[in-house]
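Coordinate-derived values only; no laboratory data. No experiment lies behind these values; they were computed from the predicted model shown. For neighbour counting, all protein chains shown are included, and Cβ atoms are generated from backbone atoms with ideal geometry for every residue, glycine included.
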Amino acid sequence: MNANSKPAPAPDFEAADADGHRVKLSDYKGKKHVVLVFNRGFM
Amino acid sequence: MAQLRQDYQEFTGRSAEVIAVGPEGARKFAAWWHKNEMPFVGIADPEHTVAGLYRQQTRLLKLGRMPALMVVDRNGMLRYEHHGDSMADIPGNAFILSLLDRLNQE
């Protein structure tokens with residue numbers, strides 16, 4: 001487990017979700033925490 | 001993913017959104033996402049753009065990308081990161097939910 005003792009700004013990104021809507025990480029700033037899950041693959 | 005789907009309301013109840021990033025192409029990814037009725041945000045990342053930003057590891061001998069999980073707080077700060085050493089090496093929901101509880105107490 002690697003809790004960050006010195007938090008750094010999370011790299012921003014913008015991408016399309018599964019419905020084709022644009023998702024931008026920084027849009028959540030000031031509103032929600034974000035849990036980013038990176039998988040090997042879904043299929 | 002099934003566990004995340006089952007507990008998704010626990011995450012939203014802690015003012016958190018879940019964004020899952022997968023290596024498939026957009027069409028295959030969207031088909032799987034809709035078939036499995038995933039309730040959170042899913043992003044296809046076939047060019048490794050987002051995964052690269054967050055240093056998701058690739059192991060040739062383990063046939064591809066390794067799992068990773070990050071928590072970004074509502075101030076946009078990266079508060080937790082975990083890079084799995086095996087396909088099963090991913091933090092459990094209970095741990096992540098407790099971390100979110102701590103962030104909400106700050």
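The figures follow:
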item: Within the stretch A:11-43, tally of residues that are of a type in the set (D, E, K, R) and in a loop (DSSP other than H, G, I, E, B); result: 6
item: Scan of the stretch B:67-90 for residues that are touching a residue at least 12 places away in the same chain (Cβ under 8 Å) and facing chain A (nearest Cβ under 7 Å), ordered by number; result: B:Pro67, B:Ala68, B:Leu69, B:Met70, B:Val71, B:Asp73, B:Arg74, B:Arg79, B:Tyr80, B:Glu81, B:His82, B:Met87
item: Check on B:Leu100, touching a residue at least 12 places away in the same chain (Cβ under 8 Å) and assigned to a helix (DSSP H, G or I); result: yes
item: Filter result for the condition that a residue is farther than 23 Å from A:Pro7 by Cβ and either within 12 Å of the chain's Cα centre (by Cα) or of a type in the set (Phe, Trp, Tyr) (or both), over B:Gly22, B:Gly64; result: B:Gly22
item: Enumeration of residues in the stretch B:1-39 that are closer than 19 Å to B:Pro67 by Cβ and more than 9 Å from chain A (Cβ to nearest Cβ); result: B:Ala2, B:Gln3, B:Arg5, B:Gln6, B:Asp7, B:Tyr8
